[in-house]
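The values are calculated or read from the model by the stated rules, or taken from the named source; none is laboratory data. What you see is a predicted model, and the numbers here were worked out from it, not measured in a lab. Cβ placement follows ideal geometry from the backbone for every residue including glycine, while neighbour counts extend to all protein chains displayed. To get the accessible areas, we keep the full protein, side chains included, count just its heavy atoms, and leave off ligands, DNA and RNA. Shrake-Rupley method; radii C 1.70, N 1.55, O 1.52, S 1.80 Å.
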Amino acid sequence: MNSSSDLFDLIREREKTASKGHRKIAGYILGHYDKAEYLTAAKLGECVGVSESTVVRFASDLGFSGYPEFQRALREAARNKLTAVQRIEQSRLSPEDVFSKVLKNDIEHIRQTLEETDENNFNQAVDSIINARHIYILGVRSSAALASFMGYYFQLMRPDVVTLRQGSRSELFEQLMRLGEGDLLIGISFPRYSRQTVQALAYARKKGAGTLAITDSLDSPIAENSGNVLLARSDMVSFVDSLVAPMSLINALIAAVSLKNHEEVEKSFSKLEEIWDEYDVYQKNEDGNRGI
């Protein structure tokens, strides 16, 4: 499937010609996907009044190897459709365990990102950033913080880096007016995926520019028009998105670019240190040195 939404489209299409039992399953999933994603095959069958084997056959008829694979796809698809209210309702946190559960969740996301990120893709992304004529970085809504962080450091390291401002659709494409071959657009988006970021990457590809997506899944809609995709785990334990693993991945990109292009980066920071010192940008420590 090209995107998570395709699963719901497929279920709707199959619902029209499916057997009575399969129509019941499809109807329940489409109406209660926020609950269905957590149900076992047996429990889902119980909810709609069919057998567990009927649920398993339903998953197989959709092209999945079994119910577990279907359930994983359903969870991916549901994440982009959940409203903030549904996220709050799904939250299983209590005030007593919120601190430890959130931090443990973030640690697990970083571990999964480390295991699942392809190092070749990562190295290719580093090279594309170093070799790009101009770099454009786009992240909207909660991903804006990630784009701002990345843009801040890349702008210190090299010229011609633009962090795109959030605004109307026309304002976004006005900022991309000069985008073309040799340039790179980095799109950052996590559920719920930004339509603007999807459209911007499609536009960049049409213009012959390089494209890099930082997202959570190859089924993410921003992956479709990206020449390279870097995956970072993101999840929520309440209505708040966890962006710790994406931030760690971006931090690694910044470090790798600085190390691979260290001579140019060193020149840039030498000039910056002079500016910071002249205009008293940073507070001096007791020994007279300034922090970074």
**Asked** Put a dot 7 Å past each Cα toward the Cβ at Glu119 and Ser51; how far apart are the dots in nm?
**Response** 5.0
**Item:** Extension gain, Ile130 back to Gln155 (0.36 nm per residue minus Cα-Cα distance, nm)
**Value:** 7.8 nm
**Asked** At what distance in nm do the modelled label points of Arg141 and Glu13 sit from each other, each positioned 7 Å from its Cα along Cα→Cβ?
**Response** 2.6
**Asked** What list of ³J(HN,Hα) values in whole Hz, one per residue of the range 135-148 in order, does the Karplus curve 6.51 cos²θ - 1.76 cosθ + 1.60 (θ = phi - 60°) give from phi, with Gly and Pro shown as x?
**Response** 10, 10, 10, 10, x, 10, 6, 5, 6, 4, 5, 5, 5, 5
**Message:** How much accessible area per residue does the chain have, counting only protein heavy atoms and a probe of 1.4 Å, in square angstrom?
**Reply:** 55
**Item:** Local net charge near Gly139, Cβ-Cβ under 14 Å (Lys/Arg +1, Asp/Glu -1)
**Value:** +2
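Kindly work out what percent of the DSSP beta bridges joining two residues of the chain are antiparallel, to the nearest 5. The partial results should precede the final answer.
Working: 2 of 19 bridges.
Once the DSSP bridges in the chain are tallied, antiparallel ones form about 10 percent.
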**Prompt:** So how much slack lies between Glu273 and Asn251, counting 0.36 nm per residue of separation and subtracting their Cα-Cα distance, in nm?
**Reply:** 5.8 nm
**Asked** Based on the Cβ-Cβ distance of Glu263 and Glu181, what FRET efficiency does E = 1/(1 + (r/R0)^6) give at R0 = 30 Å, to the nearest 0.05?
**Response** 0.70
**Request:** Report ³J(HN,Hα) in whole Hz for each residue of the range 59-74, in order, from the Karplus equation J = 6.51 cos²θ - 1.76 cosθ + 1.60 where θ = phi - 60°; Gly and Pro get x.
**Result:** 5, 5, 5, 7, x, 8, 6, x, 5, x, 5, 4, 5, 5, 5, 5
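Please report the carbon-and-sulfur percent of the accessible area for the chain; probe 1.4 Å, protein heavy atoms only, DNA, RNA and ligands left out.
Ligands and nucleic acids excluded, carbon and sulfur reach 50 percent.
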**Prompt:** Lys pairs in the chain, Cα-Cα under 20 Å, at least 8 apart or on separate chains: how many?
**Reply:** 8
**Request:** Could you pull out every residue, at least 5 positions away or on a different chain, whose amide H is within less than 5 Å of the one on Thr211? Hs are placed 1.01 Å off N in the peptide plane, and Pro or chain starts have none.
**Result:** Leu185, Gly227, Asn228
**Item:** Residue-span extension gain [Glu224 to Arg195] - 0.36 nm each, minus C-alpha spacing
**Value:** 9.2 nm
